[in-house]
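What follows is a short report on a single structure.
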Amino acid sequence: MSPDISVVICAYTEDRWEDILAAVSSVRAQSLAALETLLVVDHNATLLDRLAREYKEPTGTTAVRVLANAGPRGLSAGRNTGIAAARGGIIAFLDDDAVAERDWLRHFAEGFEDPRVLAVGGRTLPAWESGRRPVWFPEEFDWVVGCTYKGLPRGRVRVRNVLGGNASFRRTAFDAAGGFATGIGRDGDKRPLGCEETEFCIRLSRARPDAVLLIDDRSVIHHRVPAARERFRYFRTRTYAEGLSKALVAQSVGASKGLESERRYTTRVLPAGVGRGLRDAALGRPGGAGRAGAIVAGVLTAAGGYVLGTVRARRGGAAFSVLPVDARSAGGEGAAA
């Protein structure tokens, strides 16, 4: 028997209106129907009201509920609001600017047939607004645009953490470890921080040492990459922000666990990427030198962000908080459809 799955989509801006509608439509088209879709709006009354009107009348087989973020501004609190309001035993997360392939939820559900599994993530592919990958943009840094990057294992494999825009968890995972930490992840249009799902997964594994976390690359979504994020300026900003985020994660869970996967990535995956870029440049293939240079620049800016973030964390103490997730924090429902 397939589990009941609630899908949470967090939204914050009307600029993504068509993307949000497409995301909801992709959930409604799943081969394994979701129990419900929860649209959590992050402190934007206009968007909240517009979505409440859009989904006022029930259509299709999947109910859509529109909620206001009941916590502080930001992605983590929005997800926590969705978790608290969700009715399903499995809670899946989809980015508001992504669309899921038809069997996305079905493959998630298969992973949870093993009772030890508390989380299943998927594969996120970039949908470049320009129509193709910029020639200088290395696949090893696709996490910059919220996508699965070169170096992650393929198939259905055990991992330290899943990636938050394409992930699912048992409800019991949040009972054991609390919710996502506020103060680490995205906060509207501010600096593009991240890693809240990394911190949560490490905390979950500590609370439940027997827990199994998987990635199944058959659970595929397509994440839109706007033109502004195809530019080197955004690449540099995002890698720097990742360094800041990793410093917060290390502060929360310790550098040993917080940087465990990153050490392999930095010492093995990235040098191989530089080598491929230089080889392509020597063979006259377009973008080879640019990709090698972008990898080096990405490492340096991320390292700079990590150093500064570590210094700030030591001076200022904790910049984030973790709260339990329960139904009492799910206030602010805008509409039910």
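Nothing in this text is a laboratory measurement; each read-out follows from the coordinates by a stated rule. Note that the coordinates shown come from a computational prediction; the quantities given were computed from them, not determined experimentally. Using ideal geometry, Cβ is built from the backbone for each residue, glycine included, and neighbour counts are taken over all protein chains shown.
Taking the alpha-carbon centroid of each part, what is the distance from the range 1-39 to the range 272-289 in angstrom?
Between the Cα centre of the range 1-39 and that of the range 272-289, the gap is 40 Å.
Along the charge dipole of the range 5-315, which of 21, 11, 122 sits closest to the positive end, that is, farthest toward it, with unit charges on the beta carbon of Lys, Arg, Asp and Glu (+1, +1, -1, -1)?
Result: 122.
Give the percent of DSSP beta bridges with both residues in the range 5-315 that are antiparallel, rounded to the nearest 5. Can you show the working numbers first?
Details: 14 of 41 bridges.
Of those bridges, close to 35 percent are antiparallel.
Give me 234, 306 ranked fewest to most by other Cβ atoms within 10 Å of their Cβ, as a rough exposure proxy. Don't skip to the answer; put the middle values down first.
Working: 234 17, 306 23.
Result, fewest neighbours first: 234, 306.
Using only DSSP helix segments of four residues or longer, with each worth -39500 (n - 2.57), what per-residue ellipticity at 222 nm results for the chain after dividing by its residue count and rounding to 500? List each step's numbers first, then the result.
Details: 11 runs with 133 residues, N = 337.
Per the formula, -12500 deg cm²/dmol.
Taking 0.36 nm per residue of sequence separation and subtracting the Cα-Cα distance, how much length would be gained by fully extending the chain between residue 285 and residue 132, in nm to one decimal?
Fully extending the segment from residue 285 to residue 132 adds 53.5 nm.
Taking amide H atoms as placed 1.01 Å from N in the peptide plane, list the residues 5 or more away in sequence, or in a different chain, whose amide H sits under 5 Å from that of residue 68.
41, 333, 334
May I ask for the Rg/Rh ratio of the range 1-44, computed from Cα atoms with Rh as the Kirkwood radius, given to two decimals?
Ratio of gyration radius to Kirkwood radius: 1.04.
Over the range 68-226, what is the percentage of antiparallel beta bridges among all DSSP beta bridges, to the nearest 5?
Details: 14 of 25 bridges.
About 55 percent, rounded to the nearest 5.
Can you work out ³J(HN,Hα) from phi for every residue in the range 95-101, in order, using Karplus 6.51 cos²θ - 1.76 cosθ + 1.60 and θ = phi - 60°, giving whole Hz and x for Gly and Pro?
Running phi through 6.51 cos²θ - 1.76 cosθ + 1.60 with θ = phi - 60° gives 4, 6, 10, 9, 10, 9, 5 Hz.
Starting from 0 in steps of 10 Å, tell me what percent of the Cα-Cα pairs of the chain lands in each bin.
6, 26, 35, 24, 8, 1, 0
For the chain, what is the relative contact order in percent, using Cα pairs closer than 8 Å and at least 6 residues apart in sequence? Don't jump to the answer; show the numbers that get you there.
On the way: 727 pairs, mean separation 79.4, N = 337.
Worked out over the chain, it gives 24 percent.
For the range 114-186, which trypsin sites (Lys or Arg not before Pro) are both in a DSSP coil and crowded by at most 11 other Cβ atoms within 10 Å? Working shown, then result.
Details: sites: 116, 123, 132, 150, 154, 156, 158, 160, 170, 171, 186; in loops: 116, 132, 154, 160, 186.
Hits after loop and neighbour filter: 116, 132, 154.
Can you work out the Karplus-derived ³J(HN,Hα) for every residue in the range 140-150? Use 6.51 cos²θ - 1.76 cosθ + 1.60 with θ = phi - 60°, whole Hz, and x for glycine or proline.
Residue by residue, the range 140-150 yields 5, 10, 5, 4, 4, 10, x, 10, 5, 10, 5 Hz.
Please report the relative contact order for the range 1-125, taking Cα pairs under 8 Å with a sequence separation of at least 6, and give it as a percent rounded to a whole number. Kindly include the intermediate steps, with their values, before the conclusion.
Details: 211 pairs, mean separation 45.6, N = 125.
Reported as a whole number, the value is 37 percent.
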